[in-house]
Structure formats: structure tokens, C-alpha cells
1. I want to verify a result. In a Gaussian network model of the chain, Cα cutoff 10 Å, which of these has the top mean-square fluctuation: Met232, Met57, Met160?
2. What is the local net charge at Cys123, summed over the other residues whose Cβ is closer than 13 Å to its Cβ (Lys, Arg +1; Asp, Glu -1)?
3. For Ile206, what is the net charge nearby, where nearby means another residue's Cβ is under 12 Å from its Cβ and Lys, Arg count +1, Asp, Glu -1?
4. In a GNM of the chain with a 10 Å cut-off on Cα contacts, which of Asn148, Asn157, Asn183 has the highest mean-square fluctuation?
5. To the nearest µm²/s, what D does Stokes-Einstein give for region 117-172 at 10 °C and 1.306 mPa s, using the Kirkwood radius over alpha carbon pairs as Rh?
6. Residue-wise, which Karplus ³J(HN,Hα) couplings in Hz belong to region 154-171, taking 6.51 cos²θ - 1.76 cosθ + 1.60, θ = phi - 60°, and x for glycine or proline?
7. Are there any chymotrypsin sites (Phe, Trp or Tyr not before Pro) in region 187-294 that are in a DSSP loop and have at most 16 other Cβ atoms within 10 Å? List them by number.
8. Please grab the % of Cα pairs in region 209-292 that end up more than 17 Å from each other.
Amino acid sequence: MKKLRFAIFGNTCRPEQSARIQELFAMLASRGASLTIDRAFHSYLTEETGIDVRPDMLTDGNDFDADYAISLGGDGTFLRAARCVGDKGTPILGINMGRLGFLSDYRAEDIASAIDHIYDGTCRIEERTVLMAESDSHAIQGYPYALNEVAVLKRDNSSMISIDVEVNGEFLTTYQADGLIVNTSTGSTGYALSVGGPIICPGSNIIGLVPVAPHSLTVRPMTISADAVIDMRVKSRSHNFLLSIDGRSESAAEGARITIRKAPYTVKVLKRSEGSFFRTLRENLMWGADSREV
């Protein structure tokens, strides 16, 4: 049996989930797997839950090599794992330890079957589009890539902003709104969905432009090719605005040109062979459920 290398990322979990995490480490140990664990998660496990796990290596970011990455948590944890994996091409297995998650096909009680599926090669790999953000006025702090969305947003205490948008060099419109979200298909079930954006099936090769609280009722969400280049300039009474990349926000000055395009790599997501995006939607959004049923 090939010795596989795993990079483990996680979040704080409910006490009853610690037994599931121990089960995961026991299964990997029984198969002789090599483990790299995110340092912060390892500290939480040893100091807060009392789980005694001794990895081959601790990582503080992307300083690791692995055959697979495992995310233990919700979609936020998965996004952090994807940020650490970056352009390595390492497939990510998401195990949802919480209530709601669109990126993870597996739940805590499915840990044994998830590991079996990896070792017997029955997982599917979906490649997800990543967005890259650039600014002509300042270097973007931190990681400029987004699996979910890039958004320009007004500051909390300011009035709405004006956003001039060009697509492939052609002027589209000026959005008068609280913000504008540019989202991938992965991000269509996140922030964009909460403000009325369309759900986009993975693999569609389209991205969404979703205004946040637009001033005009005629301004609607739309989808465009994922290969398009989007340029935005923002005008604001406060002379600044927020640039948010997968929820990581920083301040930008009025007049900055923000360019968003497809990144030169994708994120590989491990899925059940028998699973489907539509089933995930039905289960997570409770489509077809009768609220009168007890």
C-alpha cells in the first residue's frame, strides 16, 4: 500500500466531535500515512481537547507537500485550506463538522468511508475556478486569490458607492449600490446567494456579477464568461471603500482600479462518486420540504 501524505486543517469543534477526529487520526495511523497538521489546529487539539496526535510536521501556511489535504470544519475552514494549498494542485477533502456546508460532501459520521474512498480511488475530483484580484494603486495585502468571491463594498458608516464596471474593456454600467460581488460558481451559494444572486452549477465556466442593495430596481444580477476580465473603479463620499477577497477585507482608496480575472490555477475538490451538486442543494436548502410536517 502506498504511503500517502495528508495535510490536516481544522477549526474548533463541538466536544462531541473530538471522538470523530480521533477516529480520523487512528485510521490514518493504521494505514501508515504521513501527517502534516496546521500549527494552530494542532495547538487546539492538544490543549483544548486533549487529543494526543504526533504529526510528522507542523505547518503555518503553505510550507508543506502532501498528496491530499483534509479540511475539518465548515466552508470557512475549507476556504482557509484552499488558500494554504494555493496552486499546489493538492486535492482537498472537506469533512463538514458543523451544520451547513456546500463544499463538503462528507459529514463527521462519514470519516471512515471518506478515507476508504481516498485509498480505493473512488472519489471524484472537481476542479473549481479561482479568481485573482489586482489593484493599480497598491499591492493587495495577503493572498489575492478567491475561491468564492471578490467584492467591493462600502464602509460600514458610509453612504452607497458608485462602481464603474468594464468587461473585457467595454463599459458595462455604473452600479449605485452598497457594493458589487464577483463570484465563482463555488461562491454562488455563499455571500452572493444571500443578496439575491443566481446559483451556478460547478463546471459552468461562468461567474456572477451581483450588486449589493442597488439603488435602482432595474439593476439585476447577471452572469458572464469566467474568462472575462473585469475592471472596476469606485467613487465614494468617504473617499475609500473595502476590497473583500473571500471575506478577508482591506481598505482601498477611491479611484483605485480593481481588476478581476480567472487565476492561472484551479482548486481540486474531492467529492463522493455517487454525490451530486443537485442533491447537496436539496439537502442543504431543504428544497421540497413541507414546513407543516413535524
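Bear in mind these aren't lab numbers, they're just calculated from the coordinates by the rules spelled out. Because the structure is predicted, anything quoted here is derived from the model rather than measured. Don't worry about glycine lacking a Cβ; one is built from the backbone with ideal geometry, like all the others, and counts go over all protein chains shown.
1. Met57
2. Working: positive: Arg124, Lys268, Lys271, Arg272; negative: Asp67, Asp105, Asp110, Asp116, Asp120, Glu126, Glu274.
Result for the local shell: -3.
3. With Lys, Arg at +1 and Asp, Glu at -1, the net is 0.
4. Among Asn148, Asn157, Asn183, the largest mean-square fluctuation in the Gaussian network model of the chain belongs to Asn157.
5. 103
6. Karplus-based 3J(HN,Hα) across region 154-171 equals 6, 5, 4, 9, 10, 7, 4, 10, 10, 10, 7, 10, 10, 10, 6, x, 9, 5 Hz.
7. Trp287
8. That fraction is 72 percent.
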